[in-house]
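Let me begin by presenting the structure, written as structure tokens, before commenting on it.
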Amino acid sequence: MLRKFRALFFLIPATVLWAQQPAPSPTKPKTAPEPEPKTTVSSVHVDGPYIALTFDDGPNQKLTPRLLDLLAEHHIHVTFFVLGENAEQHPEILQRAAREGHEIGNHSWSHPNLVKLSEENVRSQIKRTEELITNITGSRPAVFRPPYGSLTTHQKHFIHDELGYEIILWDVDPLDWKEPGPSVVSNRILKETRPGSIVLSHDIHAQTIQAMPATLTELEAKGFKFVTVSQLLKLQTPTPPPTPKPVAPAATPSPSVAASPSA
């Protein structure tokens with residue numbers, strides 16, 4: 001009995017002390033991190049059948065003029081992402097493209113993988129090409145496409161925020177650089193292109209130029225309208241929220257049928 005009394009004697013103060021402890025503050029819910037602003041564009045939402053055709057790695061001495069002739073026949077304007085070293089060799093082709101209403105974009109000087117370069121060398125690749133395009137055409141390029149579509153997050157930010165470029169990727173890639181044949185290039189573009197698409201091609205491959213007559217004719221037949229990349233960006237409209245799925249009404253239980261009175 002005495003032992004029980006002693007245990008109770010020590011238990012009571014401990015219980016009182018525990019009860020006097022401040023209640024733990026409720027854990028604040030963690031706020032979700034804000035999404036990182038998007039610094040690259042692969043396609044846009046548009047109200048209308050607008051698309052942008054783009055051609056990389058030129059100008060090419062023989063093929064680019066042939067493409068310009070074809071585009072003039074169809075009254076189509078496109079965006080050329082040119083390499084500085086090629087533009088330096090053929091400034092007259094660049095002048096013609098700009099004069100005929102095409103957009104000239106920056107695609108670096110010599111097509112390196114920019115991810116593997118220092119920031120100083122990346123800036124040099126871009127600024128050197130920018131200065132050349134500006135001197136040849138009289139206009140500073142507003143759009144930039146990284147070789148291989150490859151950039152680090154840091155590079156995206158300083159190219160967009162500091163150098164002032166819209167960084168343009170693509171959502172339609174016919175893999176024409178593998179030279180699968182003109183019909184394959186054409187079919188891939190026709191199959192994948194949607195309103196707001198940015199179509200990637202190269203005006204340095206003969207098969208790509210051979211694919212263009214049928215491609216342009218079929219895209220026109222589908223009702224697409226051709227604009228430059230910068231024009232497409234200006235046509236961008238907000239993406240509508242997803243339509244909620246209709247909820248099926250709950251089934252109403254059938255009223256129970258009263259049993260007939262027995263005879």
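Counting other Cβ atoms within 10 Å of each Cβ, which GluC sites (Glu not before Pro) in the range 68-133 have at most 15 and sit in a DSSP loop?
Sparse-neighbourhood loop GluC sites (Glu not before Pro): GLU100.
Points 7 angstrom from Cα along the Cβ direction at GLN236 and LYS178: gap in nanometres?
3.0
Residue-wise, which Karplus ³J(HN,Hα) couplings in Hz belong to the range 43-60, taking 6.51 cos²θ - 1.76 cosθ + 1.60, θ = phi - 60°, and x for glycine or proline?
Those phi angles translate into 6, 9, 8, 10, 9, x, x, 8, 9, 10, 8, 10, 10, 9, 6, x, x, 9 Hz.
Rank these by accessible area, largest first, 1.4 Å probe: TRP177, TRP109, TRP170.
TRP177, TRP170, TRP109
Extending each Cα 7 Å along its Cβ direction at LEU70 and ASN113, get the distance between those two points in nm, one decimal.
It works out to 3.1 nm between the two label points.
How big is the gap, in Å, between the Cα center of the range 148-201 and the Cα center of the range 77-138?
16
The values are calculated or read from the model by the stated rules, or taken from the named source; none is laboratory data. None of these values were measured; they are calculated from a predicted model. When we count neighbours, we look across all protein chains shown, and the Cβ atoms used for this are built from the backbone with ideal geometry, even at glycine. Accessible surface is based on the protein model in full, side chains and every heavy atom, while ligands, DNA and RNA are left aside. Shrake-Rupley method; radii C 1.70, N 1.55, O 1.52, S 1.80 Å.
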